[in-house]
Amino acid sequence: MTKEPKFYHPLPEVIQNATVQEYDKTYQKSISNPEAFWGEQAGNLDWYKKWDQVFDGGDKPFFKWYTGAKTNIIHNAIDRHLKTANRNKLAFMWEGEPGDKRQFSYHDLDNEVSKFANVLKSMGVKQGEIVTIYMPQIPELVFAMLACAKIGAVHSVVYGGFSSEALAGRIQDANSRFLITADGGYRRGKKTDLKSISNAAMLESPSIEACVTVKRTGDDVHMQEGRDFWYHDLVCLPISRGQCETVEMDSEDTLFLLYTSGSTGKPKALVHTHGGYGVYVSTTLRMVFDIKPQDRFWCAADPGWITGHSYIVYGPLILGATVMLYEGAPNFPFPNRWWDMIERYKINILYTSPTAIRGLMRFGENWPKKHDLSSLRLLGSVGEPINPEAWKWYFEHIGQGRCPIMDTWWQTETGGFVITPLPITPLKPGSASKPFFGNEVGVVDEEGNDSKPNEEGSLVIKTPSPGMARTILGDPERYIQTYWKKYEKQGWYHVGDSARKDDDGYYWIIGRSDDVIKVSGYRLGTAEVESALVSHPSVSEAATIALPHEVKGNAIHAYVILRANEKPSEELEVHLKDHVGKVMGPIAKPETLTFVDGLPKTRSGKIMRRVLKARALGQDEGDLSTLED
Ligand code: WT7
């Protein structure tokens, strides 16, 4: 690749190696006949019974894919590999933060998943019921997800950094009878206390009947008789023995739920399916990350988020790939932990977030320089816009000028990549480039007219795709309102991001245009943080905004009105920040918290966050005609 040109062109050997050799024509073909494209892609997977129809758009916007087909994602992610040479191939390489290691072939993975699936069945877990999983990044997290899928149960993984209240809210919303957790995990040299958090959450969750706990740290934990069971005890019981049959599911049956934040109200559970989701994640991964049989792929996300579901667990396993899974922090014990692991495992593809890159960039290039990173062939980025400075550092010091960066834009809702380069795509640092096959996207104004080139507008997805979430659990109306109401006339999906498209047709994501904040790539709602603040007895009202942050991308800044008898103090400030951490989880803790006497509001009482933001940034406050006072 050449230096600082308009485009960074991939090297000839990258192009030669690429799974997809041509973009424009294939793209045109894919959007002029998406059913043909998605039908062909589905043909790369095995089905118990093939579909009657690739796409059923009858009940807008509740689209269906591969209707009439019978499958189970496990049939493709595990079972079919057992009949080929993949059986003896490594599925997972795992390293714990303290340095312990475990590896599993596809054969081993099948054994582990089968054992735990038998256990779940004999505990009474039924097809279609929702099992909540709250775990550190250990192999059992993956076994638990896959075991649920195998018997047709729905998994709902709650990120291990969330608080007991957040966990309880999700258990209750899903009405889970079963929780799978661990005594703890390792993070930055410390142990997390997942079991106590689980215990506190279970106290508030009357639906819970049983909890399975994996022993990871060996710390003393409270186990309640009749409710709590050790994983290692259960998988040694005779009930766990024997091959567990993979349950035949409808293509449209639910595979998992994943909670994510929106601009209003509580986090919502998005519903993903066995059929369409499996096709989507495996197709995008194969084409964008060019996975070859000999590759070692490392998606350094937490399996507890959509990135982990799609590109640590399901996508790679369907492709029969070898995946790296690491438990801990990138800078433990030193800021070269990742670079050291890339060298030791000879990783070929690294997929991570801008926030992780910026965090490691702070420690300088001497850390990666100590290591042989020559195994790397491709890099990836996801979660928020990657600033060109971080892009170039990643490109030069990690990819050594050799590895193109796949800046993949997508959402929990889309299941997989929507705007992304391919290895053959000439790159512009900071742009996610062009839409993936089968997806038509656009940048439009409030009415749905195309924005002019380089002009900021609202990002929309104009075509349904098989990986798209089907609905919000228990609230189809909210699904319509959130995503499909704004451009109802056109039938487009409203993303919630602002973006621009340049003269070359490249997309540049600017950021969220709604009241969602991306902090270190984590998605949080201002409404959730505000309600956490207001849940404190000293607080009368609160508003939160996002301001740019060098490493985190954005940071949360809170403005708080205290109750009449409360006095502002530094102590109270710290205490309220901690309170948010306790209610939601440490990632939600505000960066700053300012006590104020009033908040800018519209006459109808809505907080004008944009005014707070403009003021904090010293910018023009814009149109204030609707301001109450
Ligand atoms: C939001 C979705 C996609 C999996 C992880 C995040 C932002 C995501 C990019 C990117 C610019 C990005 C968007 C999007 N986002 N990827 N490559 N460039 N912004 O999933 O938590 O559902 O968040 O993340 O704002 O709407 P999520």
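Read-outs: derived from the displayed coordinates by stated rules, not from any lab. Worth saying up front: this structure is predicted, and the values here are computed from it rather than measured. Here Cβ is always computed from backbone atoms with ideal geometry, including for glycine, and neighbour counts include all displayed protein chains.
Tell me which residues come under 5 Å, amide H to amide H, from Ser433 once H is placed; ignore anything under 5 positions away on its chain.
Residues meeting the amide H criterion: Tyr507.
In terms of Cα to Cα distance under 17 Å, which lysines are near enough to Lys428, apart from those fewer than 8 places away along the same chain?
Result set, ordered by chain and number: Lys3, Lys6, Lys392, Lys501.
Extending each Cα 7 Å along its Cβ direction at Asp504 and Ser538, get the distance between those two points in nm, one decimal.
The answer from the label model is 5.3 nm.
Report, by chain and number, residues whose modeled amide H sits under 5 Å from the one on Leu593, excluding near sequence neighbours (fewer than 5 apart, same chain).
Excluding prolines and chain starts, which carry no amide H, the hits are Ala558.
So what's the Cα pair-distance distribution over region 235-387, bin width 5 Å, in %?
In whole percents, the pair-distance histogram is 2, 8, 14, 18, 17, 15, 11, 8, 5, 2, 0.
Need one number: the % of Cα-Cα pairs in region 166-234 sitting beyond the 17 Å mark.
Within region 166-234, distances greater than 17 Å cover 38 percent of Cα pairs.
Restricting to DSSP loop positions (anything but H, G, I, E, B) with no more than 15 other Cβ atoms inside 10 Å of their own Cβ, which trypsin sites (Lys or Arg not before Pro) remain in region 398-498?
Here the trypsin sites (Lys or Arg not before Pro) that fit, given the DSSP loop and packing criteria, are Lys485, Lys489.
Any idea what Rg and Dmax come out to for region 129-273 if you just take the C-alpha atoms, in Å?
Answer for region 129-273, Rg first and Dmax second: 15.2, 48 Å.
What is the sum of charges around Tyr522, taking Lys and Arg as +1, Asp and Glu as -1, for the other residues whose C-beta is under 11 Å from the C-beta of Tyr522?
So the environment of Tyr522 carries a net charge of +1.
Are there GluC sites (Glu not before Pro) in region 330-398 that DSSP marks as loop and that have at most 14 other Cβ atoms within 10 Å, and which are they?
Within region 330-398, the qualifying GluC sites (Glu not before Pro) (loop, at most 14 other Cβ atoms within 10 Å) are Glu365.
So what J values fall out for region 77-84 if you push phi through Karplus, 6.51 cos²θ - 1.76 cosθ + 1.60 with θ = phi - 60°, rounded to Hz, Gly and Pro as x?
After applying 6.51 cos²θ - 1.76 cosθ + 1.60, I find 7, 10, 3, 5, 6, 5, 9, 10 Hz.
In 10 Å bins starting at 0, how do the alpha-carbon pair distances of region 292-340 split up by percent?
26, 46, 25, 2
State to the nearest 20 debye the size of the charge dipole of region 1-150 about its Cα centre, where the only charges are +1 on K and R beta carbons and -1 on D and E beta carbons.
360
Note down the magnitude of the dipole of the chain about its Cα centre, charges +1 on Lys and Arg C-beta and -1 on Asp and Glu C-beta and zero elsewhere, to the nearest 20 debye.
1160
Once both labels are modelled 7 Å past Cα along the beta-carbon direction, what's the Asp79-Gln243 spacing in nm?
About 1.0 nm separates the two model spin labels.
Rg/Rh for region 484-608: what does it come to with C-alpha atoms and Rh from Kirkwood?
In region 484-608, Rg relative to Rh is 1.06.
Ratio of region 377-434's C-alpha Rg to 2.2 N^0.38 Å, to two decimals?
1.06
Roughly what would the spin-label model give for Glu477 and Val596, points 7 Å off Cα along C-beta, in nm?
Computed distance between label sites Glu477 and Val596 equals 3.2 nm.
Relative contact order, percent, of the chain when contacts are C-alpha pairs under 8 Å separated by at least 6 residues?
13
Counting only residues 5 or more places away or on other chains, whose amide H sits under 5 Å from the amide H of Thr322 once H atoms are built in the peptide plane?
Phe297
Positive end of the charge dipole of the chain (Lys, Arg +1 and Asp, Glu -1 on Cβ, about the Cα centre): tell me which of Asn439, Trp51, Thr264 has its Cα farthest that way.
Value: Trp51.
For the chain, taking Cα atoms only, what is the radius of gyration to one decimal and the Dmax to the nearest whole Å?
In Å, with Rg to one decimal and Dmax whole: 23.9, 72.
Please list, or write none, the lysines whose alpha carbon is within less than 21 Å of the alpha carbon of Lys346, excluding same-chain residues fewer than 8 places away.
Result set, ordered by chain and number: Lys89, Lys101, Lys292, Lys369, Lys370.
For region 201-275, how big is Rg over Rh, using alpha carbon atoms and the Kirkwood form of Rh?
Rounded to two decimals, Rg over Rh is 1.06.
Please state the relative contact order of region 288-337 as a whole percent: Cα pairs under 8 Å, 6+ residues apart?
Relative contact order for region 288-337 comes out at 36 percent.
With a cut-off of 8 Å between alpha carbons and a minimum separation of six or more residues, what is the relative contact order of region 506-614 in percent?
Taking the mean separation of contacting Cα pairs over the length of region 506-614, I get 24 percent.
Consider a paramagnetic label point 7 Å from the Cα of Gln172 along Cα→Cβ; state which residues of region 436-475 have an amide N under 16 Å from it.
Counting only backbone N, you get no residues.
Which loop-located trypsin sites (Lys or Arg not before Pro) does region 158-212 contain, where loop means any DSSP state but H, G, I, E or B and the Cβ has at most 15 other Cβ atoms within 10 Å?
Arg188
At 222 nm, what value in deg cm²/dmol follows for the chain if DSSP H runs of at least 4 each add -39500 (n - 2.57) and the sum is divided by all its residues, to the nearest 500?
Computed mean residue ellipticity for the chain: -7500 deg cm²/dmol.
Find, to one decimal place in angstroms, the Kirkwood hydrodynamic radius of region 50-94, where the mean of 1/r is taken over every pair of different Cα atoms and then inverted.
It is 13.0 Å.
Fully extended, how many nm does the chain gain between Cys236 and Glu22 (0.36 nm per residue separation, minus their Cα-Cα distance)?
Gain on extension, Cys236 to Glu22, equals 71.9 nm.
Suppose every K and R has +1 on its Cβ and every D and E has -1 on its Cβ; what is the size of the dipole of region 526-584 about the Cα centre, in Debye to the nearest 20?
80
Among the lysines, which have Cα under 28 Å from the Cα of Lys589 when same-chain residues fewer than 8 positions away are ignored?
Candidates past the 8-residue exclusion: Lys190, Lys191, Lys195, Lys266, Lys268, Lys518, Lys552, Lys567, Lys577, Lys601, Lys606, Lys613.
Could you calculate the FRET efficiency of Phe334 with Glu365 from 1/(1 + (r/R0)^6), where r is the beta carbon distance between them and R0 is 22 Å, rounded to 0.05?
The formula returns an efficiency of 0.95 here.
How many percent of Cα pairs in region 1-127 exceed 17 Å?
More than 17 Å apart: 76 percent of the Cα pairs in region 1-127.
With unit charges on the beta carbons (Lys and Arg positive, Asp and Glu negative) and the dipole taken about the Cα centre of the chain, which residue among Ile347, Thr412, Gly380 sits farthest to the positive side?
Working it through, the farthest residue towards the positive pole turns out to be Ile347.
Using each residue's phi in region 212-217, evaluate 6.51 cos²θ - 1.76 cosθ + 1.60 at θ = phi - 60° and report the 3J(HN,Hα) Karplus result to the nearest Hz, with x for Gly and Pro.
Each residue of region 212-217 in turn: 9, 10, 8, 8, 10, 8 Hz.
For a label point 7 Å from the Cα of Asp193 along Cα→C-beta, name the residues of region 561-584 whose backbone N is under 17 Å from it.
Under cut-off, by backbone N: 578-584.
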